[in-house]
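These notes are about the structure you will find just below.
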């Protein structure tokens, strides 16, 4: 069974694995994340598109009925009220594929996470000095 598992080398490769309408959602989501955290590095982690900036920032993934967005538990907690209409868990929010994604909210969450990671990195640096 292990042989059937796909290993992605890039976010482009990941996105191309989906039907055209899902690809469009993923491309737009990727663009919003890039614009919100322009210094973040793209990579694949846990076989999901990931953006990293002083550590992992956010992940996303497509499923049959939703787009999973993973801004860690702090990203979910900070935007609990704005995310209340979506299914959430500790570090995850599910956006239904049939509804438009809240790109403005996603942008705010990504910026929040970027600020959080930058602050943590700066504090770590101060402790080393």
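The values are calculated or read from the model by the stated rules, or taken from the named source; none is laboratory data. This structure is a prediction, so every number in the text was calculated from the model and none was measured. Ideal geometry is used to build each Cβ from the backbone, glycine not excepted, and the neighbour counts take in all protein chains shown.
Worth a mention:
- Flag if residue 55 is closer than 25 Å to residue 9 by Cβ and out of contact with any helix residue (DSSP H, G or I) (no Cβ under 8 Å at 6 or more places or on another chain): no
- So residue 107, is it crowded, with 17+ Cβ neighbours inside 10 Å, touching a residue at least 60 places away in the same chain (Cβ under 8 Å) and out of contact with any strand residue (DSSP E or B) (no Cβ under 8 Å at 6 or more places or on another chain): no
- Taking (1) surrounded by 15 or more Cβ atoms within 10 Å (Cβ to Cβ); (2) at pLDDT below 95; (3) out of contact with any helix residue (DSSP H, G or I) (no Cβ under 7 Å at 6 or more places or on another chain) in turn, residue 8 satisfies each apart from (3).
- Candidates 25, 33 - the one that is in contact with a helix residue (DSSP H, G or I) (Cβ under 8 Å, 6 or more places away or on another chain), crowded, with 17+ Cβ neighbours inside 10 Å, part of a helix (DSSP H, G or I) and in contact (Cβ under 8 Å) with a residue 40 or more places away in the chain: 33
- Reported count of residues in the stretch 57-81, each being closer than 23 Å to residue 119 by Cβ, out of contact with any strand residue (DSSP E or B) (no Cβ under 6 Å at 6 or more places or on another chain) and either assigned to a strand (DSSP E or B) or in contact (Cβ under 8 Å) with a residue 24 or more places away in the chain (or both), is 5.
- Test for residue 105: is it modelled with pLDDT of 95 or more, assigned to a loop (DSSP other than H, G, I, E, B) and closer than 29 Å to residue 19 by Cβ: no
- Pairs are defined by a Cβ separation below 9 Å, a sequence spacing of at least 6 or placement on different chains, a first member in the stretch 113-129 that is without any contact (Cβ under 8 Å) to a residue 12 or more places away in the chain and at negative phi, and a second member that is surrounded by 13 or more Cβ atoms within 10 Å (Cβ to Cβ) and part of a helix (DSSP H, G or I); no pair meets this definition.
- Among (1) within 13 Å of the chain's Cα centre (by Cα); (2) in a helix (DSSP H, G or I), the one test that residue 119 misses: (1)
Here's the yes/no breakdown for (1) buried (at least 19 other Cβ atoms within 10 Å of the Cβ); (2) within 15 Å of residue 36 (Cα to Cα); (3) out of contact with any helix residue (DSSP H, G or I) (no Cβ under 9 Å at 6 or more places or on another chain):
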| site | (1), (2), (3) |
| --- | --- |
| 80 | no, no, yes |
| 83 | yes, no, no |
| 97 | no, no, no |
| 114 | yes, yes, no |
| 125 | no, no, yes |
